[in-house]
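Participant: Below you'll find the structure I mean.
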Amino acid sequence: MNVKRIVAKTSREAMRQLRDALGSDAVILSNRSVEGGVEVLALPAEDIAAMAPPVVETPTPVPSRPAFAEATAEPEPAVAIKRRLIERAAAPGPDSADLAQSLMGEIRGEIKSMQTRLESQLADLAWRDLPGRDPAGAAVMREMLGAGFSATLAREMLETLPKGDADQAQAWMKNTLMKRLQVMQNETDMLDGGGVFALMGPTGAGKTTTTAKLAARFVVRHGADKLALLTTDSYRIGGHEQLRIYGRILGVTVHAVRDAADLRLALSELRNKHTVLIDTVGMSQRDQAVAEQVEMLCQAGKQIKRLLLLNATSHGDTLNEVVQAYQLRGLDGCILSKVDEAASLGPALDCAIRHQLAVHYLATGQRVPEDLHLANRQYLIHRAFKARTSPSPWHLDDSELAFALSGVQASHRESAVARG
């Protein structure tokens, strides 16, 4: 018998080499992790068919040692196949061709069963070097990555994952995320405490509309004469005009400022106002002017609380860049915008958790002031893991996800070595 031994760096590469060498009907005898990758022992399907010898009148002795002696670890299906082949070889039959056909039918069924089992076993190999490599840890990792959370946060969660089954692990994971997610418990301190607030973020994040929504809430609580609006958006055509329209509707004065000197002067003149809201100009997180904008707010001569608008429809890497760019001198919280348009809240919540940003509000539409809601931990985590009604083209099945995470394993090992 020609037992083929394949060693590859990953389970997917081993399967590819196996199909190239022996075809898709090859019988897997064993698989295990070895130094440098994965080892698979397999046998061509035609070799199994050849094991059915011509039937003779006198039974032949059963060999004392079964075939496949080369295989060091055999899955149960392979053992079952050999046992039945030996039993059939020792028993007379009416027709060897019928016997071979019957055997091949059974073998095909066993091969299909073994392929399914092998995929599961090879997928498990990809988890063995990860913290939380047990099935419960694998379930948590799959759930988090499927919901849009980062591998970084998922690894952090696995490092402290308690022992338990998959259901217990997922319940623990969601409860832990809720504890780590900071939210504004109530808006009384913000509305009654007053002060100067600046809404910051990239172009199109919804800063002007959100500023108007917040202004309406302040007006309801304290009246229009206690509130003032400022805008630094002198670049976008009609940018400050949009805020002026909202200001006229609310009965609130709107002032435009161009630089730090203008801002200091405006805030000095508005020092008797209970609350001042600043709608800043939107710019790419990669624009060097972001740092200048932050410095302008920090040199205004008065404490300005900076709230970052996170567009919930953006990719996780983009949101991470936005936070890193705008938190140069610190941030006082964030507002998730376009929540109603987002397919998943996982990436936005991931950024808020990892960067320890308190989520103040959720903006869900264009209506002023109705489409602004106080952040709620339970709703946000539930929404992040809510089952999709239709399959996603970005979804990975278990074997694909395990293969994708092979890079995560390497990164984790490298980080561990770097930490010493």
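The values are calculated or read from the model by the stated rules, or taken from the named source; none is laboratory data. Only a predicted model underlies this, so the values are computations on that prediction, with no experimental measurement involved. Note that we place each Cβ from the backbone using ideal geometry, even for glycine, and neighbour counts take in every protein chain shown.
Participant: Quick one: in segment 1-19, which of the residues that are over 35 Å from the mean Cα position of the chain (by Cα) and not in a strand (DSSP E or B) is modelled with the lowest pLDDT?
Facilitator: Here the residue is MET1.
Participant: Applying the selection to segment 276-317, what residues are of a type in the set (Ser, Thr, Tyr) and farther than 18 Å from VAL359 by Cα?
Facilitator: THR280, SER284, listed by residue number.
Participant: Where the second residue is surrounded by fewer than 15 Cβ atoms within 10 Å (Cβ to Cβ) and the first is among the basic types (Lys, Arg) and lies in segment 21-33, which pairs have Cβ atoms under 9 Å and are six or more apart or on separate chains?
Facilitator: Sorted first by the residue in segment 21-33, then by its partner, the pairs are ARG32/THR72; ARG32/ALA73.
Participant: When segment 191-204 is examined, which residues are found to be modelled with pLDDT of 90 or more and aliphatic (A, V, I, L, M)?
Facilitator: Answer for segment 191-204, where residues must be modelled with pLDDT of 90 or more and aliphatic (A, V, I, L, M): VAL196, ALA198, LEU199, MET200.
Participant: Scan segment 251-266 and report the pairs whose first residue is closer than 23 Å to LYS213 by Cα and outside the structural domain of LEU227 (by TED's automatic domain parsing) and whose second residue is surrounded by 14 or more Cβ atoms within 10 Å (Cβ to Cβ) and of a type in the set (A, V, I, L, M), with Cβ atoms within less than 8 Å and a gap of 6+ or a chain change.
Facilitator: Listed by first residue and then by second, the contacts come to nothing, as the list is empty.
Participant: Is it the case, given these coordinates, that LEU161 is modelled with pLDDT of 90 or more, over 16 Å from GLY333 (Cα atoms) and either part of a helix (DSSP H, G or I) or not β-branched (Val, Ile, Thr) (or both)? Please lay out each step first, then the result.
Facilitator: On the way: modelled with pLDDT of 90 or more: no; over 16 Å from GLY333 (Cα atoms): yes; either part of a helix (DSSP H, G or I) or not β-branched (Val, Ile, Thr) (or both): yes.
Considered against the rule, which asks whether it is modelled with pLDDT of 90 or more, over 16 Å from GLY333 (Cα atoms) and either part of a helix (DSSP H, G or I) or not β-branched (Val, Ile, Thr) (or both), LEU161 comes out as no.
Participant: Also: What number of residues within segment 267-299 satisfy the criterion of being closer than 18 Å to ALA215 by Cβ and surrounded by fewer than 14 Cβ atoms within 10 Å (Cβ to Cβ)?
Facilitator: 1
Participant: Looking at MET144, MET178 in this structure, which one is surrounded by 21 or more Cβ atoms within 10 Å (Cβ to Cβ), closer than 24 Å to TYR361 by Cα and in contact with a helix residue (DSSP H, G or I) (Cβ under 9 Å, 6 or more places away or on another chain)?
Facilitator: MET144
Participant: Output the residue which, of all residues in segment 24-43 that are loosely packed, with under 12 Cβ neighbours inside 10 Å and in a loop (DSSP other than H, G, I, E, B), is farthest from the chain's Cα centre (by Cα).
Facilitator: Here the answer is SER24.
Participant: Every residue in segment 20-69 that is of a type in the set (S, T, N, Q) and either at pLDDT 50 or above or outside the structural domain of THR10 (by TED's automatic domain parsing) (or both), please.
Facilitator: The answer is SER24, SER30, ASN31, SER33.
Participant: So for segment 123-141 (the condition being modelled with pLDDT of 85 or more, assigned to a helix (DSSP H, G or I), more than 30 Å from THR280 (Cβ to Cβ) and in contact with a helix residue (DSSP H, G or I) (Cβ under 8 Å, 6 or more places away or on another chain)), does at least one residue qualify?
Facilitator: Yes.
Participant: I need the full set of residues from segment 300-343 which are surrounded by 14 or more Cβ atoms within 10 Å (Cβ to Cβ) and among the polar types (S, T, N, Q), in order please.
Facilitator: Within segment 300-343, ASN311, THR313, SER314, THR318, ASN320, GLN327, SER337 meet the criteria.
Participant: Here is a further query. So which of ARG377, ARG383 is in contact (Cβ under 8 Å) with a residue 60 or more places away in the chain, farther than 30 Å from TYR246 by Cα, buried (at least 16 other Cβ atoms within 10 Å of the Cβ) and not β-branched (Val, Ile, Thr)?
Facilitator: Exactly one of ARG377, ARG383 is in contact (Cβ under 8 Å) with a residue 60 or more places away in the chain, farther than 30 Å from TYR246 by Cα, buried (at least 16 other Cβ atoms within 10 Å of the Cβ) and not β-branched (Val, Ile, Thr), namely ARG377.
Participant: Let me ask something additional. Could you identify the single residue in LEU243, LEU265 that is farther than 18 Å from ARG306 by Cα and either assigned to a loop (DSSP other than H, G, I, E, B) or touching a helix residue (DSSP H, G or I) at 6+ places or on another chain (Cβ under 7 Å) (or both)?
Facilitator: Going through LEU243, LEU265 in turn, the sole match is LEU243.
Participant: On the basis of being buried (at least 20 other Cβ atoms within 10 Å of the Cβ) and either in contact with a Lys or Arg (Cβ under 6 Å, 6 or more places away or on another chain) or at pLDDT 65 or above (or both), does MET104 make the cut? It would help to see each step written out before you state the result.
Facilitator: Working: buried (at least 20 other Cβ atoms within 10 Å of the Cβ): no; either in contact with a Lys or Arg (Cβ under 6 Å, 6 or more places away or on another chain) or at pLDDT 65 or above (or both): yes.
So MET104 fails the test.
Participant: Looking for whichever is in contact with a Leu (Cβ under 6 Å, 6 or more places away or on another chain), more than 16 Å from ALA205 (Cα to Cα) and assigned by TED's automatic domain parsing to the domain that holds LEU243 here; the options are LEU297, LEU307, LEU331. Which one fits?
Facilitator: Being in contact with a Leu (Cβ under 6 Å, 6 or more places away or on another chain), more than 16 Å from ALA205 (Cα to Cα) and assigned by TED's automatic domain parsing to the domain that holds LEU243 holds for just one of LEU297, LEU307, LEU331, which is LEU331.
Participant: Would you mind finding the one in LEU191, LEU214 that is part of a helix (DSSP H, G or I) and surrounded by fewer than 20 Cβ atoms within 10 Å (Cβ to Cβ)? Working first, answer last.
Facilitator: Values: LEU214 fails: surrounded by fewer than 20 Cβ atoms within 10 Å (Cβ to Cβ).
When all the criteria are applied, what remains is LEU191.
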